[in-house]
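A short write-up of the structure that comes next.
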Amino acid sequence: QVQLVESGGGLVQTGASLRLSCTASTRTFNDFRMAWFRQALGKEREFVAAIAGTGGSTSYADSVKGRFTISRDNAKNTLFLHMNSLKPEDTAVYYCAGSKIFTSISSRSAGYDYWGQGTQVTVSS
């Protein structure tokens with residue numbers, strides 16, 4: 001099974017930037033569509049961003065569009081989420097997710113088979 005490990009979370013002030021990383025164990029990472037989801041305390045998991053295996057297609061939730069950028073380095077089996085202009089409402093546990101589907105991307109959690117353990121992002125007001 002594919003293992004996904006997130007890192008890069010932390011406690012920052014409003015307006016700060018963070019880069020989250022997710023490293024995958026698979027050797028066919030370029031065949032995996034990947035995504036970031038987040039879950040705030042007491043709330044359900046929500047979609048953040050997705051990227052196709054080749055990196056050619058991306059999708060973002062309206063709440064992060066223009067502030068967050070999803071990218072990947074297939075040579076390093078790593079997915080990134082560059083987060084700028086962070087707001088308190090961005091506070092959540094961020095999860096990376098993947099599925100061996102390279103022809104499309106999805107904003108649905110059901111579209112992904114593998115999940116990381118999450119990394120906490122806290123933005124102070």
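Relative contact order for the chain: what percent, with Cα pairs under 8 Å and sequence separation of 6 or more?
RCO, the chain: 37 percent.
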Which one, ALA49, ALA97, ALA110, has the greatest fluctuation when you compute a Gaussian network model over the chain with C-alpha springs under 10 angstrom? ALA110
Residues of the chain: accessible area per residue at 1.4 Å, in Å²? 51
With Cβ to Cβ distances under 14 Å as the rule, what net charge do the other residues near ASN74 carry (K, R +1; D, E -1)? +3
Taking only the C-alpha atoms, wrap a convex hull around the chain and report its volume per residue in Å³ as a whole number. 90
Rounded to whole Hz, the Karplus (6.51, -1.76, 1.60) HN-Hα couplings of the stretch 67-72, x for glycine and proline: 10, 9, 9, 9, 8, 8
Would you please name the trypsin sites (Lys or Arg not before Pro) within the stretch 1-86 that are DSSP coil residues with at most 11 other C-beta atoms within 10 Å of their C-beta? ARG27, LYS43, LYS65
Simple Cβ-charge dipole of the stretch 1-117, Lys/Arg +1 and Asp/Glu -1, about Cα centre, in debye nearest 20: 140
Stretched fully, the stretch from GLU44 through HIS82 gains (0.36 nm per residue minus C-alpha distance, one decimal, in nm) 11.5 nm
Share of accessible surface on carbon and sulfur in the chain, whole %, 1.4 Å probe and ligands ignored, is 46
Scalar couplings 3J(HN,Hα) for the stretch 54-64 by Karplus 6.51 cos²θ - 1.76 cosθ + 1.60 (θ = phi - 60°), nearest whole Hz, x for Gly and Pro, are 7, x, x, 10, 9, 8, 9, 5, 4, 5, 10
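The values are calculated or read from the model by the stated rules, or taken from the named source; none is laboratory data. Just so you know, these numbers come straight off a predicted model, no measurement behind them. So basically every Cβ, Gly included, is an ideal-geometry build from the backbone, and we count neighbours across all protein chains shown. Note: areas computed on protein heavy atoms with side chains; ligands, DNA, RNA excluded. Shrake-Rupley method; radii C 1.70, N 1.55, O 1.52, S 1.80 Å.
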